[in-house]
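Note sheet for the following structure.
The values are calculated or read from the model by the stated rules, or taken from the named source; none is laboratory data. Just so it is clear, the structure is predicted and the values come from calculations on it, not from any experiment. Glycine gets a Cβ as well: all are built from the backbone with ideal geometry, and neighbour counts include every protein chain shown. Keep in mind that these areas ignore ligands, DNA and RNA; they rest on the heavy atoms of the full protein, side chains included. Shrake-Rupley method; radii C 1.70, N 1.55, O 1.52, S 1.80 Å.
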Amino acid sequence: MDQETGVLYPKSHNKDFKPKNNNAVELSRKILTRSPFYEVSRDLVLELWPTLPEENLDYKHLEILFKYLDTALFHGLLLGSHGRLAKLEVDIFAPIRFDHYAATISDPYDPPLVTIWLCGSLDRDFRPSLRLTKLAQLRLLIHEMCHAYIECYWQQQDGDIHAIEGNNGEHGYIFWRIFNRALAHVRSWGPDFGDIVTARPEPFEI
């Protein structure tokens, strides 16, 4: 159990689903199966959500959401079942060209570990330059958790590359299947989450 959030990580549930040991179909099948901790973790998100600021969630807020979403949508595979495989970094600055608002970065020296990076809202003069609603940040976090899940658990095989990476090297149909499944779950949690599919960071006009 995580002492801060009370999240129970389903370790025995995932003992045979090991890092860097699964093909594309197995990755998809796992996520299409509901986590045994789905309901309790969903309820924790629903309890937390009204207490969060409407914009600019900080590291503490996002880290708690990260833990709840991991058990609700990813079977506890990123943070508990096989140790902490993904860490979270939350910047205070917005990207200069508004091209990448988030990224998942693999650790070349210690696979399968990854870092999820999420942007902030300030320019380099510490002025607001990006509107980041909590719903947009939630969508960014889930998007990167999908990347992290694939990076941590996919055993790279030539026959899977297009399914995983698609034509652009990032988003194949397996990614979209996993991501859309996650968004569908979250949309079902109530009207506060109904617009998550279209929620995006919005640059302020200069």
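Observations, loosely collected:
- DSSP finds beta bridges in the chain, and of those with both partners inside it, around 55 percent are antiparallel.
- Where labels lie 7 Å past Cα in the beta-carbon direction, separation of I96 and E202 in nm: 2.7 nm
- Theoretical ellipticity at 222 nm over the chain - DSSP helices of four or more residues, -39500 (n - 2.57) apiece, nearest 500: -11500 deg cm²/dmol
- The chain, relative contact order in percent, only Cα pairs under 8 angstrom and at least six apart counted: 24 percent
- Evaluating 6.51 cos²θ - 1.76 cosθ + 1.60 at θ = phi - 60° for every residue in region 102-117, the Karplus couplings come out as 7, 7, 10, 10, 7, 8, x, 9, 8, x, x, 5, 9, 10, 9, 10 Hz, glycine and proline recorded as x.
- Gyration tensor verdict on region 13-114 (Cα atoms; rounded if a/c is under 1.5, prolate if a/b is larger than b/c, oblate otherwise): oblate
- For region 140-206, with +1 on Lys and Arg beta carbons and -1 on Asp and Glu, the positive-most of H185, I142, F204 along the dipole: H185
- Measuring r between the beta carbons of T115 and I161 and using R0 = 25 Å, the FRET efficiency lands at 0.65.
- The gain in end-to-end length when the D107 to R124 segment is fully stretched comes to 3.4 nm, 0.36 nm per residue minus the alpha carbon separation.
- Structural size metrics of region 75-150, computed from C-alpha coordinates, are Rg and Dmax of 13.6, 41 Å.
- Gyration tensor verdict on region 108-198 (Cα atoms; rounded if a/c is under 1.5, prolate if a/b is larger than b/c, oblate otherwise): oblate
- Sorting 72-82, 127-137 by average packing, meaning the other beta carbons within 10 Å per residue, from highest down gives 72-82, 127-137.
- When the inverse distances between all different Cα atoms of the chain are averaged and flipped, the Kirkwood radius reads 17.4 angstrom.
- By accessible area, using a 1.4 Å probe on protein heavy atoms only, the chain has 51% of its surface on carbon and sulfur.
- Rounded to the nearest 10 degrees, the inclination of helix 38-48 to the longest alpha-carbon principal axis of the chain is 10 degrees.
- Helix 134-153 axis, angle to the chain major axis (alpha carbon atoms, nearest 10°): 30 degrees
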